[in-house]
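Asker: Take a look at the following structure, please.
The values are calculated or read from the model by the stated rules, or taken from the named source; none is laboratory data. Here the structure is a predicted model, which is why all the values come from computation and not from measurement. Backbone-built Cβ (ideal geometry, glycine too); neighbour counts: all protein chains shown.
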Amino acid sequence: AQTVTQSQPEMSVQEAETVTLSCTYDTSESDYYLFWYKQPPSRQMILVIRQEAYKQQNATENRFSVNFQKAAKSFSLKISDSQLGDAAMYFCAYRRAFGNEKLTFGTGTRLTIIP
Amino acid sequence: DAGVIQSPRHEVTEMGQEVTLRCKPISGHNSLFWYRQTMMRGLELLIYFNNNVPIDDSGMPEDRFSAKMPNASFSTLKIQPSEPRDSAVYFCASSLRGRAEAFFGQGTRLTVV
């Protein structure tokens with residue numbers, strides 16, 4: 001069974017600084033997807049970024065980028081120029097590329113932005 | 001597009017009562033998921049449908065839970081009878097087959113007293 005581990009329950013960062021959230025996963029599959037979702041206090045689950053395992057290039061979405069290390073099964077999220085609106089719970093998630101489409105989530109990291 | 005629409009946003013019910021949660025997926029999406037979020041267990045899949053057919057219901061806790069998808073634009077999750085341990089946030093999500101991303105509704109916060 002696939003597992004996703006987020007070892008940082010809480011993180012904080014000064015506004016405008018950079019922060020990195022960690023995620024590791026375990027799978028025997030070779031093709032899969034990885035995601036970061038953001039959950040602000042409004043409770044909405046918002047997709048931040050996704051990575052296909054077959055792609056060596058790290059995904060980037062504006063201020064958000066990932067460091068995908070397939071051999072190490074590591075998938076960290078870097079947030080640059082942190083803004084107050086980035087404060088939220090961040091969940092790392094895994095999905096097989098073929099077959100069962102369910103998402104397996106980590107336990108989340110609560111990110112606080114210090115003004 | 002309006003996104004995934006769930007109703008109600010909040011539900012408070014007494015133990016033993018029947019609860020029905022509703023979901024309208026994004027138009028054109030053919031996979032629909034029900035997830036539950038609790039402090040103890042985090043986010044976990046309850047059931048998912050593809051083309052209105054249940055594919056994986058291994059996360060459904062017990063016979064008190066049932067889910068249906070009578071057509072491509074509507075799904076329900078029913079709990080009967082409800083228990084205090086069912087208190088959680090229930091999310092519905094949908095995706096387009098062949099696309100990796102799943103999009104979530106705003107969730108239903110269920111409180112069973």
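Asker: Quick test for you: out of A:Y90, A:Y54, A:Y37, pick the one residue that is more than 22 Å from B:L43 (Cβ to Cβ), within 14 Å of another protein chain (Cβ to nearest Cβ) and out of contact with any helix residue (DSSP H, G or I) (no Cβ under 6 Å at 6 or more places or on another chain).
Answerer: Being more than 22 Å from B:L43 (Cβ to Cβ), within 14 Å of another protein chain (Cβ to nearest Cβ) and out of contact with any helix residue (DSSP H, G or I) (no Cβ under 6 Å at 6 or more places or on another chain) holds for just one of A:Y90, A:Y54, A:Y37, which is A:Y54.
Asker: Next question. B:H29 passes all but one of (1) under 14 Å from the mean Cα position of the chain (by Cα); (2) buried (at least 19 other Cβ atoms within 10 Å of the Cβ); which number fails?
Answerer: (1)
Asker: Here is a check on your reading of the model: is B:Q106 among the polar types (S, T, N, Q), facing another protein chain (nearest Cβ under 10 Å) and either free of Cβ contacts under 8 Å to residues at least 60 places away in the same chain or crowded, with 20+ Cβ neighbours inside 10 Å (or both)?
Answerer: Criteria not met by B:Q106.
Asker: I want to confirm something. Restricting to region B:70-85 and keeping residues that are more than 13 Å from B:L110 (Cβ to Cβ), surrounded by 15 or more Cβ atoms within 10 Å (Cβ to Cβ) and polar (S, T, N, Q), which single residue is modelled with the lowest pLDDT?
Answerer: Once the filter is applied, the top-ranked residue is B:S73.
Asker: On the basis of being modelled with pLDDT under 95, out of contact with any Lys or Arg (no Cβ under 9 Å at 6 or more places or on another chain) and over 24 Å from A:I113 (Cβ atoms), does A:S42 make the cut?
Answerer: So A:S42 fails the test.
Asker: Listed residues B:A93, B:A88, B:A67; which is farther than 11 Å from B:F33 by Cβ and at pLDDT 95 or above?
Answerer: Residue meeting the stated conditions: B:A88.
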